[in-house]
Amino acid sequence: MAGKLFVVGFGPGSVDHMTKRAREAIEESDVIVGYKTYVDLVMDLIDGKEVISTGMTEEVSRAQEAIKQAERGKKVAVISSGDAGLYGMAGLIYEVLIEKGWEKETGIEVEIIPGISAIHSCAALLGAPIMHDSCTISLSDHLTPWNVIAKRIEAAAAADFVIALYNPKSGRRTQQIVEAQRILLTYRSPDTPVGLVKSAYRERQHIVLTSLGEMLEHDIGMLTTVIIGNSSTFVHDGLMITPRGYERKYKLSSAVQPLKLHERLRPEAEPWALTNMRSLAEEAYEKVAAPKKQTTERLEVAVSPGVVNKTFTPKQMMDLARIVGEQGMITYTADHYLKVTVETERPDDIVRELLEAGLTVAPTGNVCVIKACDFCEGEKKDAIPYVEQLHKQFGGMDLPKELRLGFNGCGMACYGAVHEDIGIVYRKGAFDLFLGGKTVGRNAHPGQLVAEGIRPDDIVETIARIIVQYKEEGYANERFHKFFERKKEVGGFAYGQTIKAEPAACGE
Ligand code: SF4
């Protein structure tokens, strides 16, 4: 019989905050391995099972024993409080297995079951202190040299992270929290809100809201998690809250927002964004840098005659060949553009020359690519201003993954807009919208028809809603069709609810 190792994070300790999979794994297991205090916390679930519990610093022998039991064919649950992959047993189990020559394909099966870590359970009790970038730092210097820990505290403090300090103090280690406070106070105000949470969601739960300057006047022990706010964290009515930054663009008390959806992504509405800062920095650099440092870089851009225009003139082709040169590369892509790749010391000059040749230049990679038809060589021109507007606003925008927005000028949709991530088809003076298509692969499929007859005045706003949500909520490298499937609703359109297409004559 094949054994199996579950490495289970069971959360803060109360059964209500344990995941269903964590309970199932414990129930399925023949043997439970854990630190004695943790075993006591799940006692109700392990009746009749073999239990191997050891003391606090015996993690390695626990891991070795658990592996031995699984190799004998037993199902073994190694339990950790919080999350097994965050200061828990997951890493150690893999390390011990690898030492023994374990391979994923042939060795015993391992399943890591995530749990709610202290940073999340304590944050929930305090209010919403980790709404922005945050990190965890363990002050235990049993396995990590103190100078490394001190550097991490300093870096996190300087970078304005919300910080959750784990293992802040024990009977023997009393100075680490004092030293941590000293480092933090060199970067943050003594008034910075601090939450101290002891035994979250357990019987002896105790919560204190204090400040960085006064936190050491309170009881901090082995079971306390210390959450230090960032420079914008505030306290309201006993709650510790870190703003995400919505107030920069939104009026939180008003139902009507000063910036419309599509306006929120404009550079002038994001003066703090890297792209804008970089242009200012570049401008300053241009003024002071003499002589300019020359370094070679790889320039890769998408070149086409235009968003709508599909015809290169012979002169443009000759200009393109001259600009790219014999060492450069021009590749024709399935997306109807030429990919130009050049190793160069002067990328800005090359882009400028391409633009001067009347060509359209766009970035490649994980950006928004606008793919329009040629509108019957410009004869069916009514919808052209809308695709140009979409291109101006979203073309080349950085996104979690390449997003293809297909735009066709009539119901023939002969440029295949309905198969793109977002497909827009102009028909009878309005727009039909398709979401979540997939152009390639064995499971290629058209997008889901989510709306017909979107008014021209509304189409840019509608697309902005979809793209803004994908940009803000998509995972890195998550394709749009997967995102639509995961979120179930994007831009107000529900996944899986295709509307019935109105019958249309060919080309209508
Ligand atoms: S989609 Fe319609 S407008 Fe566009 S090129 Fe094809 S037939 Fe012409």
Exercise. Just one of 464, 451, 476 is more than 16 Å from the ligand (Cβ to nearest atom), in a strand (DSSP E or B), among the small types (Gly, Ala, Ser) and surrounded by fewer than 23 Cβ atoms within 10 Å (Cβ to Cβ); which is it?
Worked result: 451
Problem set entry | Answer residue from the stretch 329-382, given it is in a helix (DSSP H, G or I) and within 16 Å of the ligand (Cβ to nearest atom) and is surrounded by the most Cβ atoms within 10 Å (Cβ to Cβ) among those | 375
Seminar exercise, completed: Among the residues of the stretch 383-409, the number that are farther than 12 Å from residue 423 by Cα and assigned to a loop (DSSP other than H, G, I, E, B) is 8
For this session: Report the residue count in the stretch 52-92 for those that are free of Cβ contacts under 8 Å to residues at least 40 places away in the same chain and either of a type in the set (Asp, Glu) or crowded, with 21+ Cβ neighbours inside 10 Å (or both).
Result: 5
For this session: Name every residue in the stretch 197-231 that is surrounded by 22 or more Cβ atoms within 10 Å (Cβ to Cβ) and either on the phi > 0 side of the Ramachandran plot or in a strand (DSSP E or B) (or both), in order of residue number.
Result: 197, 224, 225, 226, 227, 228
Seminar exercise, completed: Of (1) under 31 Å from the mean Cα position of the chain (by Cα); (2) under 16 Å from residue 454 (Cα atoms); (3) of a type outside the set (Ser, Thr, Tyr), residue 384 fails just (1)
Problem set entry | Extreme residue, surrounded by the fewest Cβ atoms within 10 Å (Cβ to Cβ), among residues of the stretch 172-196 that are part of a loop (DSSP other than H, G, I, E, B) and free of Cβ contacts under 8 Å to residues at least 40 places away in the same chain | 172
Seminar exercise, completed: Within the stretch 392-414, residues within 15 Å of the ligand (Cβ to nearest atom) and in contact with an Asp or Glu (Cβ under 8 Å, 6 or more places away or on another chain) come out as 405, 406, 409, 410, 411
Seminar exercise, completed: Note on the stretch 41-50: residues in contact with a Gly (Cβ under 9 Å, 6 or more places away or on another chain) and either over 10 Å from residue 79 (Cβ atoms) or in a loop (DSSP other than H, G, I, E, B) (or both) are 42
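Taken together, the values in this text are just the output of simple stated rules run on the coordinates, not laboratory data. For clarity, every value in this text was computed on a predicted model and none was experimentally measured. A quick note on method: Cβ atoms are made from the backbone with ideal geometry, for glycine too, and the neighbour counts reach across all protein chains shown.
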